[in-house]
Amino acid sequence: MEIIIQPDATAATRLAAQLISAAIRNKPDLVLGLATGRTMEGVYTLLAAMHKKEGLDFSRVTTFNLDEYIGLPADSPYSYHYYMHTRLFSRVNINLANTHIPDGTAPDIDEECRRYERQIKSCGGIDLQLLGLGQAGHIGFNEPLSALLSRTRAKALTPLTLEQNRPLFKGAPMPTRAITVGIGTILESRRCLMLVTGRDKAVVLAKALEGPITSMISASALQLHPHCTVIVDEEAAANLQEREYYRWIFSTEPEWEPYR
Ligand code: GLP
């Protein structure tokens, strides 16, 4: 695991966008796993700007989103379909046929989950998986007690997650379940890139990166991944015991090509 500490959220977000853009330039038919949430909003704004100003080309990129609320149609302003279309897909030259998000309105949710897994496989697997971190320690919606080898499936959202995401629903009824790509599925991605910013995440981030690997904090499973980079700002890094070591190793032996 590589941990890159940036001075603030703006710098951390910029670095995440730069690394994604470098990955697309390096492999124009990249299979990119996408995350949602407030942390990712700035990343998508920057990627859209890179498309507009620098011609970052999404025409051959394939995407798979991590999750979607069960019961929300794609045109609901609270769905992750809507989030992705407004923040990224409508602002770059991606082929919509190559974008994938679980269907939270599928009549048979279990079959939808199996179909999603098959689709990821048929595209050759995820090259680069972008991840955020929920207050409950989740990646995707892999809530506490998610099996570390889990596959795409439906999960009940914990009270903490409901509390964290409720403000985004602005008073509208919030679904209590979601489809999420599993932790086992995430661990099969060839590379993972987690972006975490803000003081609110400091305690859970330290548990995920420096605590034991446990199904109670699904992000801790990333310690098993052979190519995982975590970009954090100073606020989110505040509770990390080994901050100075992470700075030293990044300056000595960076894993990402642009830094070598
Ligand atoms: C949701 C998503 C997660 C995301 C998390 C963080 O729960 N399912 O994939 O990482 O939000 O959200 P935020 O960036 O708003 O803190």
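Please treat every number below as a calculation from the coordinates, not as lab data. The structure presented is a predicted model; accordingly, all values stated were derived computationally and were not measured. Quick reminder, even Gly has a Cβ in these numbers, built from the backbone with ideal geometry, and neighbours come from all protein chains shown.
Go through the stretch 117-146 residue by residue and tally those that are more than 15 Å from the ligand (Cβ to nearest atom) and within 23 Å of residue 44 (Cα to Cα).
Total satisfying the criteria: 5.
Can you pull out the residues in the stretch 90-105 that are in contact (Cβ under 8 Å) with a residue 12 or more places away in the chain and not basic (Lys, Arg)?
Residues of the stretch 90-105 that are in contact (Cβ under 8 Å) with a residue 12 or more places away in the chain, as a first pass: 91-95, 98-105.
If the condition is that a residue be in contact (Cβ under 8 Å) with a residue 12 or more places away in the chain and not basic (Lys, Arg), then 92, 93, 94, 95, 98, 99, 100, 101, 102, 103, 104, 105 are the ones that fit.
Might you let me know whether the stretch 179-200 holds any residue that is out of contact with any strand residue (DSSP E or B) (no Cβ under 6 Å at 6 or more places or on another chain) and on the phi > 0 side of the Ramachandran plot?
Checked the stretch 179-200: at least one residue is out of contact with any strand residue (DSSP E or B) (no Cβ under 6 Å at 6 or more places or on another chain) and on the phi > 0 side of the Ramachandran plot.
Within the stretch 143-152, can you find the residues that are out of contact with any Lys or Arg (no Cβ under 9 Å at 6 or more places or on another chain) and crowded, with 18+ Cβ neighbours inside 10 Å?
150
Among the residues that make up the stretch 154-166, is at least one of them surrounded by 14 or more Cβ atoms within 10 Å (Cβ to Cβ) and away from the ligand (no atom under 13 Å from the Cβ)?
Initial filter on the stretch 154-166 (surrounded by 14 or more Cβ atoms within 10 Å (Cβ to Cβ)): 154-155, 157-158, 160-162, 164-165.
If we keep only those that are away from the ligand (no atom under 13 Å from the Cβ) as well, we get 154.
Yes, the stretch 154-166 contains at least one residue that is surrounded by 14 or more Cβ atoms within 10 Å (Cβ to Cβ) and away from the ligand (no atom under 13 Å from the Cβ).
Could you list all residues from the stretch 142-176 that are touching a His at 6+ places or on another chain (Cβ under 8 Å) and either of a type in the set (Lys, Arg) or part of a helix (DSSP H, G or I) (or both)?
The one that is touching a His at 6+ places or on another chain (Cβ under 8 Å) and either of a type in the set (Lys, Arg) or part of a helix (DSSP H, G or I) (or both): 161.
Could you say which residue among 46, 30, 56, 19 is among the hydrophobic types (A, V, I, L, M, F, W, C) and within 16 Å of the ligand (Cβ to nearest atom)?
46
For the stretch 59-102, how many residues are crowded, with 17+ Cβ neighbours inside 10 Å, outside any helix (DSSP H, G or I) and more than 16 Å from the ligand (Cβ to nearest atom)?
Summing the residues that are crowded, with 17+ Cβ neighbours inside 10 Å, outside any helix (DSSP H, G or I) and more than 16 Å from the ligand (Cβ to nearest atom) in the stretch 59-102 gives 5.
Filter the stretch 167-176 down to the residues that are touching a residue at least 40 places away in the same chain (Cβ under 8 Å) and either crowded, with 22+ Cβ neighbours inside 10 Å or within 11 Å of the ligand (Cβ to nearest atom) (or both) and list them by number.
Residue satisfying the conditions is 168 alone.
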